[in-house]
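Q: If you scroll down you'll find the structure; I have some questions about it.
None of the figures in this text is laboratory data; all of them are computed from the coordinates on show. On a predicted model such as this, the values are computed, not experimentally measured, just so you know. Here the Cβ is made from the backbone with ideal geometry for all residues, glycine too, and neighbour counts use every protein chain on show.
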Amino acid sequence: MTTDHLTRYDRAMVRLMNRGEGRTLYASARRRRVVVAAHVALTAALGGLMTYLYLAQREQWWLLVPMVPLLLAWMFLTGVINSATRGLLELRERALDERQLTDRARVGALAHRAMTLLLLAAVAVLLCAGAVLGAAPTAYAAPLLIAVLVTHWLMPLWVAGTTARDEPEDDLPHV
Amino acid sequence: MSEQVHNRLAMVRAERKVSRQELAEAVGAHYQTVGYIERGQYNPSLDLALRIAKYFGLPVEALFSLEPFQPLTEEVYGGKQ
């Protein structure tokens with residue numbers, strides 16, 4: 001990675017992703033796992049609310065009110081995970097060095113494998129539900145499709161946050 | 001396949017009073033990458049290893065080796081007295 005060919009946007013993003021303000025939030029593997037778990041829970045809560053809104057018989061727009069703080073918290077945690085990975089998935093390839101590109105490829109492969117298992121499980125559940133109930137629950141098809149899409153979109157972020165390594169120890173005190 | 005490559009990057013960097021950030025910028029890498037190389041958690045490509053060696057003006061084998069490095073005092077003064 002040489003910085004000569006980076007655009008002004010790339011440089012700004014590199015600076016943004018390497019800011020150290022929230023470092024204590026993701027300083028250890030345990031904290032990073034907690035952040036990712038909270039992000040997954042918030043994603044599920046937001047998805048659940050949206051599904052309920054979609055399936056509800058009556059219009060219940062007041063449900064949008066609790067979604068605002070949830071969405072803000074979700075955005076904050078997304079930023080924390082991106083900081084923990086130093087923008088591994090957010091930065092353009094040309095702004096990453098060889099180790100980061102290797103990490104990004106590894107995260108992509110792991111996320112792909114996890115998504116395959118998740119989709120297999122979802123298909124198995126749907127087939128079993130269809131066999132038991134006589135027909136697949138079609139009312140849930142659209143929300144399920146959106147849930148799969150969102151999970152597919154976010155899985156690399158969750159994998160990257162979970163597998164991120166600890167920051168190297170403090171630099172030498174005299175340099 | 002993950003051959004452990006040993007290095008004495010941290011020692012040379014301390015000796016030359018070069019920070020991770022300075023070295024990283026000079027060789028076109030992220031400062032974490034330098035840290036992971038020092039910790040033995042990442043083996044640099046030949047290209048990066050050569051760039052690091054060039055930065056310090058040393059042959060690449062002075063910084064990286066497939067065999068563990070001997071303590072420097074032993075190398076300079078020979079075996080134990």
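Q: Does A:T116 fit the bill of being hydroxyl-bearing (S, T, Y), surrounded by fewer than 18 Cβ atoms within 10 Å (Cβ to Cβ), within 14 Å of chain B (Cβ to nearest Cβ) and in a helix (DSSP H, G or I)?
A: No: the conditions fail for A:T116.
Q: Could you say whether any residue in segment A:62-84 is within 14 Å of chain B (Cβ to nearest Cβ) and out of contact with any strand residue (DSSP E or B) (no Cβ under 8 Å at 6 or more places or on another chain)?
A: Yes - at least one qualifying residue is present in segment A:62-84.
Q: Every residue in segment A:82-104 that is of a type in the set (A, V, I, L, M, F, W, C) and either under 24 Å from A:A147 (Cα atoms) or not in a helix (DSSP H, G or I) (or both), please.
A: Result: A:L88, A:L89, A:L91, A:L96.
Q: Here's something else I'd like to know. Determine which member of the set A:R23, A:R33 is within 14 Å of chain B (Cβ to nearest Cβ) and either within 30 Å of B:A24 (Cα to Cα) or in contact with a Gly (Cβ under 9 Å, 6 or more places away or on another chain) (or both).
A: A:R23
Q: Given the options A:T151, A:T102, name the one that is more than 14 Å from chain B (Cβ to nearest Cβ) and of a type in the set (V, I, T).
A: A:T151
Q: Does segment A:72-85 contain at least one residue that is more than 16 Å from A:L154 (Cα to Cα) and either touching a helix residue (DSSP H, G or I) at 6+ places or on another chain (Cβ under 8 Å) or in contact (Cβ under 8 Å) with a residue 24 or more places away in the chain (or both)?
A: Within segment A:72-85 (the criterion being more than 16 Å from A:L154 (Cα to Cα) and either touching a helix residue (DSSP H, G or I) at 6+ places or on another chain (Cβ under 8 Å) or in contact (Cβ under 8 Å) with a residue 24 or more places away in the chain (or both)), the answer is no, since none of the residues qualifies.
Q: Just the residues that are hydroxyl-bearing (S, T, Y) and touching a His at 6+ places or on another chain (Cβ under 7 Å), please, taken from segment B:50-81.
A: Correct list: B:S65 only.
Q: Here is a list of conditions, (1) surrounded by fewer than 19 Cβ atoms within 10 Å (Cβ to Cβ); (2) touching a residue at least 12 places away in the same chain (Cβ under 8 Å); (3) under 16 Å from A:W158 (Cα atoms), and A:L46 meets all of them except one; can you say which number that is?
A: All conditions are met except number (3).
Q: Take A:V68 and decide whether it is surrounded by fewer than 14 Cβ atoms within 10 Å (Cβ to Cβ) and part of a helix (DSSP H, G or I).
A: In short, yes.
Q: Working only within segment B:15-24, note down all residues that are surrounded by 15 or more Cβ atoms within 10 Å (Cβ to Cβ) and of a type outside the set (S, T, Y).
A: Residues satisfying the conditions are B:V18, B:R20, B:E22, B:L23, B:A24.
Q: Say we look at segment B:1-49 and pick out the residues that are more than 7 Å from chain A (Cβ to nearest Cβ), of a type in the set (G, A, S) and out of contact with any His (no Cβ under 9 Å at 6 or more places or on another chain); which of these is nearest to A:R86 (Cα to Cα)?
A: B:A26
Q: Which is surrounded by 11 or more Cβ atoms within 10 Å (Cβ to Cβ), free of Cβ contacts under 8 Å to residues at least 60 places away in the same chain, under 27 Å from A:H5 (Cβ atoms) and more than 14 Å from chain B (Cβ to nearest Cβ), of A:G130, A:G108?
A: On inspection, the qualifying residue turns out to be A:G108.
Q: Now for a different question. Can you find even one residue in segment B:31-42 that is in contact with a helix residue (DSSP H, G or I) (Cβ under 6 Å, 6 or more places away or on another chain), surrounded by 14 or more Cβ atoms within 10 Å (Cβ to Cβ) and farther than 30 Å from A:M17 by Cα?
A: no
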